[in-house]
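Written out below as structure tokens is the structure these notes cover.
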Amino acid sequence: MGEKGRPIHLGAGVMPASFKVLHDPVKNYETIIADFGECAIGRVAPIDSGFWWIILLRAYTKSTGDTSLAELPECQRGIRLILTLCLSEAFDTFPTLLCADGCCMIDRRMGVYEYPIEIQALFFMALRCALYLLKNDDEGKECADRISKHLHALSYHKRSFFWLDIKQLNNIYRYKTEEYSHTAVNKFNVMPDSLPDWVFDFMPTRGGYFIGNVSPARMDFRWFCLSNCIAILSSLATPEQASAIMDLIESRWEELVGEMPLKICYPAMESHEWRIVTGCDPKNTGWSYHNGGSWPVLLWLLTAACIKSGRPQLARRATELAEARLLKDHWPEYCDGKLGRYIGKQARKNQTWSIFIRHEHFQNKYILFNISLCSFIQFTNHKYNFGETFDALLLPPLLDSSCTATIEP
């Protein structure tokens, strides 16, 4: 429901961003109220919460072997509603999901809108998780067929147009503009002069990453930690791309990890860019909070991605950095500064998700460094039943509805 006098009905399948408990002292009764964005700072409905629900449901099912929860009619209907909403046909010509700014973990105005990699990577992983969870009944098969077709297009689009390495950076640098027809090389009419100066020094000879956004005449070249780790875990990234992401993290350790892992995005926006993009947001000043702040909670994603990529030594190195700081600093929510040296100016201390890092990494390091346990939150490269892998497909046609995808557990 929108403001008074302006009723707005969200699409079925939107998941709440949070919940509030209302206490009635007279009746001594508590009621849980779901917040679908009406109370959020920017009044934006969340997109990532539905994806995380599907991802966590698959992780629970795979880790426990208990399928009864996922097979409940309510859960099956929830999966179908979330993905039907996301796969609805509209005006968009891309398989990516069109988003508003502030609809994910980065919930303030940060230029993370249109087709942000933060949402697209989670979208891809949620689609794969849904194929694992959907029952083999008529409704489940229909939804699975739609998912299979969309995965086909989405993986090609992301791997082709959102991937940046030194070769692709040089190609963009030499782009011609105003190209028409299917033969166009610069398909999104990106202006080479829009390349930021920092990206030329940031890009190592060996390494690469999925950039923040690709849309008409726009590329967001910022590095986003969560999405690149999710791309590895979901196998959106090919094995070669996953290795390149690890190479980038290792080459740019000081910038992306520093003294407290991990940068939520890099680099920070400052001065004029900060004023224009964030609207002079005092919480998102340069190298603070979502604008280049360091978030310890992201360490679990890096750990899982490192293990899947065969680079556990990077995770150990990052864990040791966090171990030296978190207890002494009283488990801050995030840290500020280019190196993450300072406790965030508005960071909450004794933050639940920062303390979680202690239990999962420091007291029980062997758990998250156990490859078999990481399989609960990752996928191997997926194949179609006619034997072709996504990696072998270049400009693939959409799958016929009779073709279904098989997932390797």
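Pairs of lysine in segment 148-215 with Cα under 18 Å and at least 8 positions apart or on different chains: total?
Pairs that pass both the separation and distance tests number 6.
If you average 1/r across every pair of different Cα atoms in the chain and take the reciprocal, what Kirkwood value do you get, in Å?
Roughly 22.4 Å, rounded to one decimal.
Taking the Cα centre of the chain as the origin, how large is its charge dipole in debye, to the nearest 20, when only Lys and Arg (+1) and Asp and Glu (-1) carry charge on their Cβ atoms?
680 debye
Under the definition of Cα pairs under 8 Å and six or more residues apart, what whole-number percent is the relative contact order of the chain?
It rounds to 13 percent for the chain.
Mind telling me which of I47, I79, I172 comes out most flexible in a GNM of the chain, alpha-carbon contacts under 10 Å?
I172
Using Cα-Cα distances under 8 Å and only pairs 6 or more residues apart, what relative contact order does segment 232-379 have, in percent?
Computed over segment 232-379, the figure is 27 percent.
So, in Å, what gap is there between the alpha-carbon centers of segment 257-317 and segment 104-138?
That distance is 20 Å.
For segment 232-379, with the dipole built from +1 on Lys and Arg beta-carbon atoms and -1 on Asp and Glu ones, taken about the Cα centre, which of W353, Q378, W300 lies farthest toward the positive end?
W353
Report, in cubic angstrom per residue, the convex hull volume of the C-alpha atoms of segment 232-379.
In segment 232-379, the Cα hull volume divided by residue count equals 112 Å³.
Taking the Cα centre of segment 241-330 as the origin, how large is its charge dipole in debye, to the nearest 20, when only Lys and Arg (+1) and Asp and Glu (-1) carry charge on their Cβ atoms?
So the dipole magnitude of segment 241-330 works out to roughly 240 debye.
Here, each number is a calculation from the coordinates, and none is a lab measurement. In this text the structure is predicted, and so the values were computed from the model without any measurement. Using ideal geometry, Cβ is built from the backbone for each residue, glycine included, and neighbour counts are taken over all protein chains shown.
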